[in-house]
Amino acid sequence: MAEELILTREGYTKIEQEHEYLVSVRRKEVAERIKEAISYGDISENSEFDSAKNEQAELEERILKLENMMRNATVIEDDDINLEVANVGLTIKVKDLDFDEDIEFSIVGSSEIDPSKNLISNESPIGKELMGKRVGDIIEVTVPDGSVIKFEVLEIYKK
């Protein structure tokens, strides 16, 4: 049984768009490359053909992965979001109690993460600890180096 994938509506839409592009555009481009490589003659020693066939295999693997993601996705809709508790689809403003600085994390599904934009997964150490917390709650997160970081939840909102 496939693992459930939690996504925001935006994340699901990005997956749908990538899938549509790969199926409608990239498949045709790769098929043309294969056709062109075959026209060069003997395919047993044709590096263009081998390269195009490898690209086709990678493309089909990505399409299948996206289809599985869409099939197993649970999309968090705006109407389903409770702004009282931290959850996927929300931004959580916290205070790092050790460094006395405010940080904002947006909790997203695991396929949507982008640490450079503070988009963290609900499955990450910080994301797991934040899930279900309310304003005023204190969390402790053990980071990979073994140290513990303390955060206070300051605000929960939808961006």
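Only the coordinates and a few stated rules stand behind these numbers; no lab work does. Remember, predicted model here, so these are calculated numbers, not experimental data. All Cβ positions, even for glycine, are placed from backbone atoms using ideal geometry, and neighbour counts span all protein chains on display.
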| Bins of 5 Å from zero: percent of alpha-carbon pairs in the range 5-76 | 3, 17, 21, 17, 13, 10, 8, 6, 4, 2, 0
| Computed E for Glu20/Lys158 - FRET, C-beta separation, R0 30 angstrom, nearest 0.05 | 0.65
| request: Report, ordered by chain and residue number, the lysines lying within cross-link reach of Lys35, taken as a straight Cα distance under 22 Å and ignoring same-chain residues fewer than 8 apart. | output: Lys53
| What lysines could a cross-link reach from Lys95, if we take a straight Cα to Cα line under 20 Å and drop same-chain neighbours fewer than 8 places away? | Lys117, Lys128, Lys133, Lys150, Lys158, Lys159
| query | Can you give the extra length, in nm with one decimal, that the chain gains between Asp80 and Lys150 once fully stretched, where that is 0.36 nm per residue apart less the Cα-Cα distance? | reply | 22.3 nm
| For the pair Glu101 and Glu140, how long in nm is the line joining their label points, each one 7 Å along Cα→Cβ? | 2.3 nm
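If you average the sequence gap of Cα pairs under 8 Å that are 6 or more apart and divide by the length of the chain, what percent do you get for the contact order?
Numbers: 252 pairs, mean separation 37.1, N = 159.
Across the chain, relative contact order equals 23 percent.
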| message | Out of all Cα-Cα pairs in the chain, roughly what percent, to the nearest whole number, are more than 26 Å apart? | response | 46 percent
| task | Using only Cα atoms, tell me the angle between helix 9-21 and the longest principal axis of the chain; keep it within 0 to 90° and round to the nearest 10. | result | 10 degrees
| field | Ratio of Rg to Rh over the range 85-126 (Cα coordinates, Kirkwood Rh, two decimals) | value | 0.98
| Calculated FRET value between Glu58 and Glu10, using beta carbons and R₀ = 25 Å, to 0.05 | 0.45
| Could you give the angle, 0 to 90 degrees to the nearest 10, between helix 27-39's Cα long axis and the longest principal axis of the Cα atoms of the chain? | 30 degrees
| Spread of Cα-to-Cα distances over 10 Å intervals beginning at zero, given as percent, for the range 81-157 | 21, 57, 21, 1
| request: Using only Cα atoms, tell me the angle between helix 47-72 and the longest principal axis of the chain; keep it within 0 to 90° and round to the nearest 10. | output: 40 degrees
